[in-house]
Amino acid sequence: MRTLLNRYRQSIALHLLLVIFGFYFLVAILVTVVQLYKEYENTKKEFYEEIQTLPATFGKGISDSVWTYNQELLQSILQGMYNLPIVVGVKIESLDHKMDMQIGAVLNEQNQVDYYDSKGQPSEQKLFGLGAKSLFDHEFPIHYQGPAFKDDIPLGKVTLYSNDRLVFERVKYGFFLILINSLIKTFALWFIIYFFIKKYLGRPLEEFTHKIRQQNTQSPQPIDLAIHWTDKNELLILKDSYNQMIQRLNEHQHELLELNQALDEKVKARTHDLELAKESAEKLAYSDPLTQLNNRRAFFDYGQRLLNLAFRQQNPLSLIMLDIDNFKKLNDTYGHALGDQALKAFADTLKNNLRATDIIGRLGGEEFAVLLPNTEEANAINIAQTLRQKISQIELKHEHSSIQFTASLGVVESKPEDSNIDSLLAQADKALYVSKDQGRNQVTPYSEISASTAMNEIG
């Protein structure tokens, strides 16, 4: 075993063979998988076509038994359909539910597999093996046709079930032939490639290696190779290059070492510069340059993830939207420099009065938003009131005067139907504008708006 392993390590022919064989084997596996899949799809299509012929055979009997409420006849017909080799379950759902019945494996309302005996009673699982629970169905309606009625009378529907296990059973022989064919072709090609690589590459390389090992390192001699099937090839070029290389190797070894050290230093410096550039780019992409808060893009990304997490864990999540009152007037009166100062002070107030787990973002202009994980609406309203008071206490210096401003806020708690952050922001935005309309410097919960709307609709 060890001899074979050493031979493999020393043989480029075997290495090449395994590389070629590996790629061919991957292609062969891919082609075989495609063939197997197509065979499976074709067989499954045949199953569908066979199942779709059953209504013509059994539909009339089922309709008559349902119309006459003949459960014994209906059970007998269903048992006959269930005994067919392509059917694993039958379910009848009548419009009045008096003749509902199921036999074998069927899907329930939760799309899970239930099992019933021949009398329609629940039973233990009877189908096992690969694909036993992968059911697919064909559904057809049942009608009663009688001379006393002008039109067909709908009675309900019948669902026939089959599964992938039956499909696998039918195609397994074809699967076996495809696999055997692929294996035979693969190994046949492997031996052919091995023979020619060994003859035209492996043996000359063994000779080359043997003569190099016999060289005297103090006084190397030219090497000749006994290759008679070509006048000039890559091995002979390799031999000539080797003879030249051993003469220059020592001269360039020191130079190469220095070059490698210099290159390594350049790579390290370049890598460090790239890391710094990456950090700077990421910060610019997700950070508002004025307030150092999350920008609109970052807030939407983080907010959607937080909303999804709250939905999965069934935890409360609230959102506060904030807008500086009369910000345009503040800008026009005192200048953009003081407006920027107001935005920075506003952002600092939010950061200093919120938790580290809360997500704060500047959505644009003087509009801000805060996501509060694990926070119900009542607590969010208290937090919003605190922020409103803190904001009203901000004082900005302009020349010899002190400038103050206020903010309006809207609060909303997420509900199961709020699947994205946009809908949650839209609700908070409505509450925010109610605060604006009612005199500003206020906190308005969205629940009060929705409750008032509902009362108006009732009135």
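The values are calculated or read from the model by the stated rules, or taken from the named source; none is laboratory data. A quick note: this is a predicted structure, and the numbers were derived from the prediction, not measured. When we count neighbours, we look across all protein chains shown, and the Cβ atoms used for this are built from the backbone with ideal geometry, even at glycine.
Tabulated data
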read-out: Given (1) under 44 Å from the mean Cα position of the chain (by Cα); (2) part of a strand (DSSP E or B); (3) not polar (S, T, N, Q), number of the condition K397 does not satisfy; value: (1)
read-out: Residue in the stretch 332-351 that is within 33 Å of the chain's Cα centre (by Cα) and not hydrophobic (A, V, I, L, M, F, W, C) present; value: no
read-out: Scan of the stretch 408-418 for residues that are assigned to a strand (DSSP E or B) and either within 35 Å of the chain's Cα centre (by Cα) or at pLDDT below 95 (or both), ordered by number; value: G410, V411, V412, E413
read-out: Qualifying residue in the stretch 13-30 (condition: surrounded by 16 or more Cβ atoms within 10 Å (Cβ to Cβ), modelled with pLDDT of 75 or more, more than 30 Å from R213 (Cα to Cα) and among the β-branched types (V, I, T)); value: no
read-out: Qualifying residues in the stretch 388-419 (those that are among the hydrophobic types (A, V, I, L, M, F, W, C) and closer than 30 Å to Q313 by Cα) - the one surrounded by the fewest Cβ atoms within 10 Å (Cβ to Cβ); value: L409
read-out: Unique match (being assigned by TED's automatic domain parsing to the domain that holds P316, within 19 Å of F327 (Cα to Cα), among the acidic types (D, E) and free of Cβ contacts under 8 Å to residues at least 60 places away in the same chain) among E417, E366; value: E366
read-out: Candidates L36, L73, filtered to the one that is in contact with a helix residue (DSSP H, G or I) (Cβ under 7 Å, 6 or more places away or on another chain), without any contact (Cβ under 8 Å) to a residue 24 or more places away in the chain and in a helix (DSSP H, G or I); value: L73
read-out: I449 of a type outside the set (K, R), in the same structural domain as S318 (by TED's automatic domain parsing) and either assigned to a strand (DSSP E or B) or without any contact (Cβ under 8 Å) to a residue 40 or more places away in the chain (or both); value: yes
read-out: Within the stretch 76-121, considering residues that are hydrophobic (A, V, I, L, M, F, W, C), closer than 29 Å to E46 by Cα and touching a residue at least 60 places away in the same chain (Cβ under 8 Å), the one surrounded by the fewest Cβ atoms within 10 Å (Cβ to Cβ); value: I86
read-out: Residue match in the stretch 137-144 (condition: free of Cβ contacts under 8 Å to residues at least 60 places away in the same chain, surrounded by fewer than 16 Cβ atoms within 10 Å (Cβ to Cβ) and either part of a helix (DSSP H, G or I) or more than 37 Å from the chain's Cα centre (by Cα) (or both)); value: yes
read-out: Boolean, A310 is over 21 Å from I383 (Cβ atoms), at pLDDT below 95 and assigned by TED's automatic domain parsing to the domain that holds N420; value: no
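The rows are residues; the columns are (1) modelled with pLDDT under 80; (2) within 17 Å of L54 (Cα to Cα).
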residue	(1), (2)
V90	no, yes
M99	no, no
A105	no, no
N108	no, no
F128	yes, no
A132	yes, no
D137	no, yes
H143	no, yes
G156	no, yes
